[in-house]
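*Asks:* Right, I'll just put the structure down here and ask away after.
The values are calculated or read from the model by the stated rules, or taken from the named source; none is laboratory data. These numbers come from a predicted model, not from an experiment. Neighbour counts are summed over all protein chains in view; Cβ atoms, including those assigned to glycine, are modelled from backbone coordinates with ideal geometry.
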Amino acid sequence: MNTKALVVEDDPGAVEVIEDSLYSLDHEYIWANNLQDARSALESQDIGYVLLDLEFPTKPIRGFARASKENGSLLLEDIQRVKGAGQLPVIIMSGHVAYCLNRSIEFRDKGATEFIAKPFPTEGRTLTRLIRGVLKRQAKRAASTSAASTGRFTGGELVYFDDHVELLGVKIISDRGAGLTIGLLRELRSRFNGDRYVPISAEELAGILGVPDVNTITGCIRGLRRNIVNRLRKYLNIEIGPKDVICRDEQGYYLRPWIVVRNGDDVGDVAASVPDVSGVRADAPVSELNERQQWALRQLDIGVKLQRVMLEHKFNVAEKTAKRDLAEMSRRGKVEYVRVGRDGYYRLNRSENSDHES
């Protein structure tokens, strides 16, 4: 998804506040403080969404320039003409709340997606949260439109939340995060080795997830496949086969290569932000690591890009415990954190782990 914003705002102080939100989302932006420059950016730049103040000058500011609320309305019309109706999310930012309310239906008809008052709220429905929500809904619509245009499933995003999983924006399972199905999906996700998903046998899945036999695993996968087929047909009118998401070969089950996995919730796995752990030597051998940490090392050694939530699920521990485990491993030089956008993962520090125990 394109996350470059066009910020149309003539108040530099407001732009500084907006910039903080965009940096926290790891989004780029282009700033236009007048209608002429905003139109030029729309024509020439690859824009993912627009943050639009309603009142700004028509031309570049040279000394005094009269701002007009009508320029915001004019730019809304330009966005629909240049980018196509409904193709570019637009968040209207305004200190004139009553004015926006009186014309909200008109603005929505012209393509406005959401509204937020200035000064921006610092809690609750903040600008950052609003942007996330708007882009999430846009991604769902785009995925649904793309798939519906062909009538056939050709791949898409599998998005993991704490309490459910979505495919193409459709909830395919919800069992509050502690159930077998979400656990199974997380194990399949963890088997990504950089360019493909590595198969895992039903026997190994049964052992990892703590179920008595492989029949429980195979039954769970049958149910999950049935959910996927039924729900995508029902909500998106898409034809999808039972093995189009989870397949099986002689080595085991794996996610199809056209499945793109991402986190739906903010994970915030930054090792440097985790409290220090006292009383443990930094040079302690691997044999002194606890069970969770040794499991993490084994996963990393086979190429898994480890995230904190995997540790929480595997051992049913709290977020604080998982953070403490990973912080200690990082401090010892066993692992290092790799940031990718707002999220990231842990990997082995190879210079320190060349002879660790398996």
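*Asks:* State whether the residues of the range 141-158 include one that is modelled with pLDDT under 90 and aromatic (Phe, Trp, Tyr).
*Replies:* Yes - at least one qualifying residue is present in the range 141-158.
*Asks:* Moving on. Can you name every residue in the range 1-42 that is under 15 Å from residue 53 (Cβ atoms) and β-branched (Val, Ile, Thr)?
*Replies:* Correct list: 7, 8, 15, 17, 18, 30.
*Asks:* Would you mention how many residues in the range 49-80 are modelled with pLDDT under 85 and within 23 Å of residue 4 (Cα to Cα)?
*Replies:* Final tally of qualifying residues: 1.
*Asks:* Please return the ranges of strands (runs of 3 or more DSSP E) entirely within the range 161-261 where 2 or more residues are under 20 Å from the mean Cα position of the chain (by Cα).
*Replies:* 165-167, 170-173
*Asks:* State yes or no: is residue 57 in contact (Cβ under 8 Å) with a residue 24 or more places away in the chain, loosely packed, with under 13 Cβ neighbours inside 10 Å and within 22 Å of residue 17 (Cβ to Cβ)?
*Replies:* no
*Asks:* Being loosely packed, with under 14 Cβ neighbours inside 10 Å and not small (Gly, Ala, Ser) is the filter; apply it to the range 302-318 and report the residue that is modelled with the highest pLDDT.
*Replies:* Looking at residues that are loosely packed, with under 14 Cβ neighbours inside 10 Å and not small (Gly, Ala, Ser), I get 316.
Every residue, every condition in (1) loosely packed, with under 13 Cβ neighbours inside 10 Å; (2) of a type in the set (S, T, N, Q); (3) more than 30 Å from residue 262 (Cβ to Cβ), yes or no:
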residue	(1), (2), (3)
14	no, no, yes
21	no, yes, no
33	no, yes, yes
41	no, no, no
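*Asks:* Separate question: Picking from 298, 324, 339, 347, which residue would you name as being surrounded by 14 or more Cβ atoms within 10 Å (Cβ to Cβ), at pLDDT below 85 and not in a loop (DSSP other than H, G, I, E, B)?
*Replies:* Residue meeting the stated conditions: 324.
*Asks:* Taking the range 60-73, which residues are acidic (Asp, Glu) and surrounded by 15 or more Cβ atoms within 10 Å (Cβ to Cβ)?
*Replies:* Step one: of the range 60-73, the residues acidic (Asp, Glu) are 70.
Listed by number, the list is empty, since nothing qualifies.
*Asks:* Between a first residue in the range 93-108 that is closer than 13 Å to residue 70 by Cα and a second residue that is of a type in the set (Val, Ile, Thr) and surrounded by 13 or more Cβ atoms within 10 Å (Cβ to Cβ), which pairs have beta carbons less than 7 Å apart while being 6 or more apart in sequence or on different chains?
*Replies:* Here the result reads 100/92; 107/92, each pair linking the range 93-108 to a residue that is of a type in the set (Val, Ile, Thr) and surrounded by 13 or more Cβ atoms within 10 Å (Cβ to Cβ).
*Asks:* Further, regarding this structure: Among the residues of the range 301-321, which ones are touching a strand residue (DSSP E or B) at 6+ places or on another chain (Cβ under 9 Å), over 16 Å from residue 163 (Cβ atoms) and in a helix (DSSP H, G or I)?
*Replies:* Across the range 301-321, the qualifying residues are 301, 308.
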